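To start, the structure itself, in structure tokens.
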Amino acid sequence: MSDASSAEAPGRPQGWTPSAGTPSSWPAAARSRRGERASPVDPRHVRRALLALLLVGVAYATMIQSFSWNQTSHYDLIRSLDHGGTTIDAYQANTGDKVFYRHHWFSARAPGLALFALPWYKALNVVDAARVARSSQALRGEDEMVYFLGLWGNVLPGLVLLLLMWRVADGFEPGYGVAAAAIVGLGTMVLPLSTLLFSHVFAAMLGFAAFALMLREREGPPRPLLLALAGLAMGYAVASEYPLFFVGAVLGLYLLSRRDALSARLVLARAGSYIVGGLVGIIPLLLYNHAAFNSWTHLAYSDVPRQQKGFFGIGAPSLKVLVTLLFDSRGLLTISPVLIMGGVGTALLYKRGKRAEALTIVGVCLLYVGYNSGYYLPFGGGFMGPRFLTTMLPFLGVPIALALRRYPGPTIALAGASIAASVIATITHPLVGYENETVVWMRYLGQGFFQPTIASAIGLGRGWGAIWPFFLAAGAGIVLAALALPRLRVPGAALAAGTGALVVWALFAALAPTAFGIDHQGLLSIVHAGDPTALNLKLHDGTRYPLRTLAPVAAAAGLLTLAAMWMLGARSSPRARAGEGPAAALGS
């Protein structure tokens, strides 16, 4: 189609031309430049991919995690809203995540998740779900309504997030999106947070949905309505977790980076739609603030004493804290080393011409690790990793699809290790409070002592006889995700590279956090946040090198995953290999 005919097409503003860097047009264009054929999508692979991610969601739903202050704080706010109030005076004894303001107790959490879950809570009350919760044998003496609320508040958003990742990643690397989504869903903090009533996955899903909508808008003519929807999602994300403002700012720059829409009229229409949508999305937060504090702008966080220093508890970024966030025994890259391949994939994305998208990913990641390294409580209390970095995981996870196709050996190997480490932490004790407490993951695994599941609720205990629903669903999801991939050969060089990556990671994870004092620095940050016992090693059983058992076990899982994918690729017929273009060439 000529430029003239394109400009005259219905619904397209004059001067508009299709973007050569859109998710749908780029793969076909790139294959054409490399002399490849654009193969049609196999419906069987699509069905397998969809079923694989649904099974991962089912795996989330099988877990009934122990409760924590964060979860009960959300739950208390939901109950208060159900009774038409905002104070949690009647429930405040069960949580420490609360603030005292003008003679009343309030939840310290942003209200977005509670408002989202409120209709579901009302529906649960209609069917008398509380009676079912009280009769459950999973966590006796606890109110398991938190689990029922989590099916809507964290399991569903976790599943939606994976589906969005699948479609976005498939736009960048067709056929490999399901693997990237499954890896993030089972091999990062997304796994435990999709089993807990925290707001991180819900807010991350909304922020990433805004990015996906902007990608969709970028595929064709400027469509302010899509950008308004992106703004709406972004605004409500901020109402659910305030730091999502950083994502909103980066996406605003991404919106303005579209070169074929830089006329004054289009900039005003597109940016205006995004801003208006964002303002509408944040209205629930403003209404809640007014109802609770008689102020449109007063936030509950501002009443937490430590939040009153700096900007809501955020000071200057610290390199030492940044190192702990990434590399200590609870560090992001220590527990989920496959995210390193997300960085590699981002570089590949940039080289392929998707520069705006790659820079957006980099921008989100830099802002999040930057602000988190200046926060007074970097790991957010008791959790298996730096949970405040959850929002950047889908952004960094999508490029894993590119790394998987280009560098299958290291990507598959580190994915296997990441899934093993995240699964072990999730099913044993994800709410660890100290770096050296991570030793309990392998200890509980050896004892066969796990978090409750839906099987525990009917009296099957907390051992191997009750954890099988999770393993069944998660294992089936992994197998189907692998089968949904295009034929992926893993040649000898890739096997060697994958094995080498595992050896380096396992040695680092087992030794470096203690040997280099990284764990000590992490414990110091806990002391500075107000817990003087963090450095009392006797109190925390004196553990050094806490991942010395987990690291080799996870590395062995990575080797088994690598071997399985090698066998799967080796079974492809010569004809199938010949039709894979560069994928086959990588194995030659």
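Values in this text are rule-based calculations from the coordinates and carry no lab data. Because the structure is predicted, anything quoted here is derived from the model rather than measured. FYI the Cβ positions are ideal-geometry reconstructions off the backbone, even for glycines, and counts take in every protein chain you see.
Nearest 0.05, what FRET efficiency do Leu366 and Ala496 give at R0 = 41 Å with Cβ-Cβ as r?
Values: r = 33 Å, r/R0 = 0.80.
Efficiency computed from Cβ-Cβ geometry: 0.80.
Normalised by 2.2 N^0.38 Å, with N the number of residues, the alpha-carbon radius of gyration of the stretch 125-254 equals 1.24. Using the Stokes-Einstein relation with a Kirkwood hydrodynamic radius computed over Cα pairs, the translational diffusion coefficient of the stretch 84-154 at 10 °C and a viscosity of 1.306 mPa s comes to 117 µm²/s. Taking amide H as placed 1.01 Å from N in the peptide plane, the amide H of Lys98 sits under 5 Å from that of Ala108, each at least 5 places away or on another chain.
Placing unit charges on the Cβ atoms only, positive for Lys and Arg and negative for Asp and Glu, gives the chain a dipole magnitude near 1520 debye about its Cα centre. Multiplying the residue separation of Leu537 and Arg406 by 0.36 nm and removing their Cα-Cα distance gives an extension gain of 42.7 nm. 3J(HN,Hα) along the stretch 384-392, derived from phi through the Karplus expression 6.51 cos²θ - 1.76 cosθ + 1.60 where θ = phi - 60°, amounts to 6, x, x, 5, 5, 8, 4, 4, 7 Hz, with x in place of Gly and Pro. Across every pair of non-identical alpha carbons in the stretch 449-503, the mean reciprocal distance, once inverted, gives a Kirkwood radius of 14.1 Å.
Where a ≥ b ≥ c are the square roots of the eigenvalues of the C-alpha gyration tensor, would you call the stretch 388-527 rounded, which needs a/c under 1.5, or, failing that, prolate if a/b is larger than b/c, or oblate? It comes out oblate by the Cα gyration axes.
Projected label points at His104 and Leu151, each 7 Å from Cα along the beta carbon direction, are separated by 3.2 nanometres. Cα centroids of the stretch 384-407 and the stretch 239-261: 19 Å apart. What the Cβ-Cβ distance of Leu262 and Asn294 gives, at R0 = 56 Å and to the nearest 0.05, is a FRET efficiency of 0.80. Normalise the Cα radius of gyration of the stretch 454-562 by 2.2 N^0.38 Å (N = residues in it) and let me know the number. Working it through for the stretch 454-562, the quotient is 1.51. Peptide packing: for 549-562, 126-139, the average count of neighbouring Cβ atoms within 10 Å per residue gives the ranking 549-562, 126-139, highest mean first. Computed over the alpha-carbon pairs of the stretch 293-450, the distance histogram in 5 Å steps reads 2, 9, 15, 17, 17, 15, 12, 8, 4, 2, 0, 0 percent, short to long. Sequentially through the stretch 204-210, phi angles give Karplus couplings (6.51, -1.76, 1.60; θ = phi - 60°) of 5, 4, 5, x, 6, 4, 4 Hz, Gly and Pro residues having no value and appearing as x. With the alpha-carbon atoms of the stretch 308-377 aligned to their principal axes, the span from lowest to highest coordinate is 44, 27, 14 Å, starting with the largest. Extension gain for Arg548 to Val126 (0.36 nm times residue separation, less C-alpha to C-alpha distance): 147.0 nm.
Amide H contacts for Thr453 (H built 1.01 Å from N in the peptide plane; partners 5 or more residues away or on another chain; cut-off under 5 Å): Ile64. Computed extension length for Ala347-Ala563: 75.1 nm, one decimal, from 0.36 nm per residue of separation with the Cα-Cα distance subtracted.
Protection proxy ranking, highest mean first, for peptides 528-539, 89-100: 89-100, 528-539, where packing is the per-residue count of other beta-carbon atoms within 10 Å, averaged. Computed from phi, the 3J(HN,Hα) profile of the stretch 556-564 under the Karplus parametrisation 6.51, -1.76, 1.60 (θ = phi - 60°) reads 4, 5, x, 5, 5, 5, 4, 5, 5 Hz, with x in place of Gly and Pro. Straight Cα distances below 25 angstrom link Lys320 to the lysines Lys309, Lys538, with same-chain residues fewer than 8 positions distant left out.
Computed over the alpha carbons of the chain, Rg followed by Dmax gives 23.9, 76 Å.
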